[in-house]
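Every number in this text was worked out from the coordinates using simple rules, so none of it is lab data. As the structure is a computational prediction, the values presented were derived from the model and not from experiment. As a convention, Cβ positions derive from the backbone with ideal geometry for all residues, glycine included, and neighbour counts pool all protein chains shown.
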Amino acid sequence: MLAKYVPQGTAPLLVDWILEHKVILKITPPRKSILGNYYHPNKTRGHVITVNGDLNPFAFFVTLVHELAHMECWIKNQNKVPPHGGEWKSEFKVLMHHFLHNDSLPADIEKSLQSYLRNPAATSCSDEQLVRTLKRYDKKQVTLIEELPHESIFKFGERTFKKGQQMRKRFKCVELATRKVYLFSPVAEVLPVQIV
């Protein structure tokens, strides 16, 4: 069943890891704030990993490996290390290296992952190049704020903004209703608004 959510050829090893540790894998409806989560065992259940079911196969795969790395880190260190510290980074790199250089992933994703693996962050969403590459494989194409012309009007959730200047990395945008200024990542998904 996992094969329909992940890139071709990656499911057997992922399933081996899941079965080895008796992981309960829950595929969830879309969540805005997180792509996946890991819950360590307690008195009533074993390891639990959740991953959003609306992710494209490559984003689902990266998220699942991210959460499996949390599990491996917890097995070795319990709660004695930071969630995304050196131990987690090391586990993530070890797990991900099983899938590199074996034609499991397209060249552009492999290249972005290799760059990301130099210093993996708490979320793959924080690596803008990896996000851009993964989004190329979404069924529904989205608009990133960096693609909009300067002073474009766009919606983010229910609120409407005007795109401003780019600071170092983020774009300074003004919410039209309140005139408050917000900073947006260049890879934030937005809905352009047509002015008539």
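Can you bin the range 76-119 into rounded, prolate or oblate? Criterion: square roots of the alpha carbon gyration tensor eigenvalues sorted a ≥ b ≥ c, rounded for a/c under 1.5, prolate for a/b above b/c, oblate for the rest. The shape class here is prolate. With contacts taken as Cα pairs under 8 Å at a separation of at least 6 residues, the range 143-192 carries a relative contact order of 41 percent. Per-residue ellipticity at 222 nm computed for the chain from its helices equals -9500 deg cm²/dmol, with DSSP H segments shorter than 4 residues left out and the rest contributing -39,500 (n - 2.57). For the chain, calculate the relative contact order in percent as a whole number, restricting contacts to Cα pairs under 8 Å that are 6 or more residues apart. About 14 percent, as a whole number. Cβ-to-Cβ counts within 10 Å put Thr28, Thr50, Thr10 in ascending order as Thr28, Thr50, Thr10, the fewest first. The order of Ser152, Ser112, going from fewest to most other C-beta atoms within 10 Å of their C-beta, is Ser152, Ser112.
In terms of other Cβ atoms within 10 Å, Arg179, Arg132 run from fewest to most in the order Arg179, Arg132. For the chain, complete DSSP H runs whose alpha carbons reach 24 Å or more along their own long axis and whose mean Kyte-Doolittle score is 0.5 or higher are 57-77.
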